[in-house]
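Below is one structure, written out as structure tokens; comments come after it.
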Amino acid sequence: MLPNSQPPQFQIPRVVRNIFLFIRRYFTFLFFLLLQGFSIYLIVHYNTYHNAVFSSATGQLTGKINEQYNKVEDYFYLKKTNDSLVKANERLYNKLKQDFQLPDTVSKQVVDTIKIDSIAQYRKYTYLQAPVIQNSVSSQANFIVLGRGRAQQLKEGMGLVDINNGVVGVITEVSNDYAVAMSLMHKNSQLDGKLLKSGETGTVTWDGVTPNILSISRIPKSVKVAAGDTIISSGNSTSTLPKGMILGVVTEVTPDKSTNNYQIKFKTAADFYNLQYVYAIDDSQQEAIKQLLEKAKQKDKQQ
Amino acid sequence: MGSLIKYIIRFALFMLVQVFVLDRIHLNQMVTPYIYFLFILWLPFNMNRNLQLLVAFLFGFTLDSFRHNPGFHAAACVLIAYIRPYFVNILIPQEGADGNYDEPSVKSMGGMLPYFIYVGALTIIHHAWLFLLEAWQFGSVWYFLLKTLFATAISLLLIIITELLFVRKQRFRTNTA
């Protein structure tokens, strides 16, 4: 320190001066560390905290750009979209009431409705169509962006199916006009699946390596499973997916040596490489069920 | 002023090409074509280092916003932006070459070899850091190494094609002018 270089009344203590010198000397390195730290903070905390401001502001902006691109891209898939719509139409026509003869005194089970009494039927599930404006398959955390948002009745937690009722994913974030869904091919995705034949339920996850191939765990060795069996959604996950949406077809069954379970791999029913339209499924009873559950949990706590 | 507009256009073009062309090509889970970070490799020599870091962060963050996974590319971009000047210092042969030209290229770095060492090394560092962060929970070393290797190979191929297709005019800046 040079004593004569500055007036004595502004004498800064030596330690403080050294700190300032240190910061000035290594400012670039400290700035680098700060930015790296901030990035890693974003990576670590993004999955747990849904920062509403961040996701809706950037989501709205990138959604607009993606939408413009999608307007062009849609033309290239018109024929394929048409084909799948014709198929979906065929399936729906086959479900028309007039195609069935009802033998008397036989009760009929309808997936889409809940019976309160024997005559009146209430709608439980509503299909809401949404265009896919962005979809990735190549990373380990794949998301699907939909061109429909909160203003158009989409909510967080809604299940998504493709045109042929194959499960695609679950909506995790909603902005005003856009929604982001966690694809089945996301390393954190967890859904309840069920074997169509035997009714055993297990957890469906993705290993993060092979696209379009998922695995289902917790299926005991006592169950008969073979390649070609269908896996459907169980209807009791936290999302609004109804029971019976197709998850995929079993391709490989290997017994796990260390546990009493099978390791089952299956190919997804939905083709993630070519998604143009999906349906979000709204469950009108979800709120009521949630409230009941909350009540039950609170009672549990009090005891 | 002119160069600022040039870099803004470059920012947008690299981002659009990465998001709307390369990200839509699904070759294989292992092979992900990346070229966007060439923007950072092409930043001028004499740019303020803190500004470089900030621009790199914004650039990576923009790509992250398109992929709805904030943090990954921002971290990788900031890392190569920080390391870049050290490589330039080592690889530029004669004193003051970085003052004669605006930005790194085959010409300004004095030949093919130094330029491609510069590009190759930073590409590997970028990919390694990116995939390391992505593969944090998986822990499969071979998967990580192979992915880095394949992605680096295809990135270098893309960079060579870009260099051949888009010839950047490099003005020699003299003190007398």
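We did not get these values from a lab; they are worked out from the coordinates using the rules stated. Everything numeric here is computed off the predicted structure, so don't read it as measured data. Positions of Cβ are backbone-derived with ideal geometry, glycine not excepted, and every protein chain shown enters the neighbour counts.
Cα axis of helix B:49-67 to longest principal axis of chain B: angle in degrees, 0 to 90, nearest 10? Helix B:49-67 sits roughly 30 degrees off the main axis of chain B.
Kindly state, to the nearest 0.05, the FRET efficiency for residue A:243 paired with residue A:77, given R0 = 41 Å and r defined as their beta-carbon distance.
Calculated transfer efficiency: 0.85.
Dividing the convex hull volume of the alpha carbon atoms of the range B:2-165 by its residue count gives 118 Å³ per residue. Other residues whose C-beta falls under 15 angstrom from the C-beta of residue A:262 contribute a net charge of +3, scoring Lys and Arg +1 and Asp and Glu -1. Distance between the modelled labels on residue A:286 and residue A:274, one decimal in nanometres: 3.0 nm (7 Å Cα→Cβ projection). For peptide A:25-38, the mean count of partner chain Cβ atoms within 10 Å of a residue's Cβ comes to 5.
Ignoring aspartates and glutamates fewer than eight residues from residue A:124 along the same chain, the ones with Cα atoms less than 14 angstrom from its Cα are A:112, A:282, A:283, A:287.
Just from its helices, what would the mean residue ellipticity at 222 nm be for chain B, if runs of 4 or more DSSP H residues each count -39500 (n - 2.57) and the sum is divided by every residue, rounded to the nearest 500 deg cm²/dmol?
For chain B, the value works out to -21500 deg cm²/dmol.
For the protein assembly as shown, pairs of C-alpha atoms spaced more than 32 angstrom apart make up 53 percent of the total. Per residue of peptide B:73-86, the mean number of Cβ atoms on other chains within 10 Å of the residue Cβ is 3. Inter-chain neighbour count for A:134-143: the average number of beta-carbon atoms from partner chains within 10 Å of each residue's beta-carbon is 6. For the range B:121-135, 3J(HN,Hα) computed residue by residue from phi via the Karplus equation (6.51, -1.76, 1.60; θ = phi - 60°) reads 5, 5, 5, 4, 4, 4, 5, 4, 5, 4, 6, 5, 5, 5, 8 Hz, glycine and proline entered as x.
Evaluated at q = 0.13, 0.17 Å⁻¹, a Debye calculation over the C-alpha positions of the range A:230-277 (equal weights, vacuum) places log10 I(q)/I(0) at -0.43, -0.68.
Here's how it looks for residue B:45: its modeled amide H is under 5 Å from those of B:103, which are all 5 or more places away or on a different chain.
Pairs exceeding a 30 Å alpha-carbon distance, out of A:71/B:107; A:64/A:155; A:80/B:147; A:79/A:197: A:71/B:107; A:80/B:147; A:79/A:197. Ordering B:158-164, A:131-137 by mean Cβ neighbour count within 10 Å, with the highest value first, yields A:131-137, B:158-164.
At 0.36 nm per residue, minus the direct Cα-Cα distance, what do residue A:95 and residue A:22 gain on full extension? Give it in nm, one decimal, please.
Contour length minus Cα-Cα distance gives 18.7 nm.
Residues whose amide H falls under 5 Å from that of residue A:207, counting only those 5 or more places apart or on a different chain, are A:215, with hydrogens built in the peptide plane. Peptide packing for A:184-195, B:17-28, B:2-13 was compared via the average number of neighbouring C-beta atoms within 10 Å per residue; ordered from the highest value, the list is A:184-195, B:17-28, B:2-13. Angle of helix B:72-91 to the longest C-alpha principal axis of chain B, folded into 0 to 90 degrees and rounded to 10: 40°. So for the range A:172-271, considering every pair of alpha-carbon atoms, how many percent are separated by more than 22 Å? Tail of P(r) above 22 Å: 28 percent of Cα pairs.
Fewest neighbouring Cβ atoms within 10 Å first, the residues B:142, B:129 line up as B:142, B:129.
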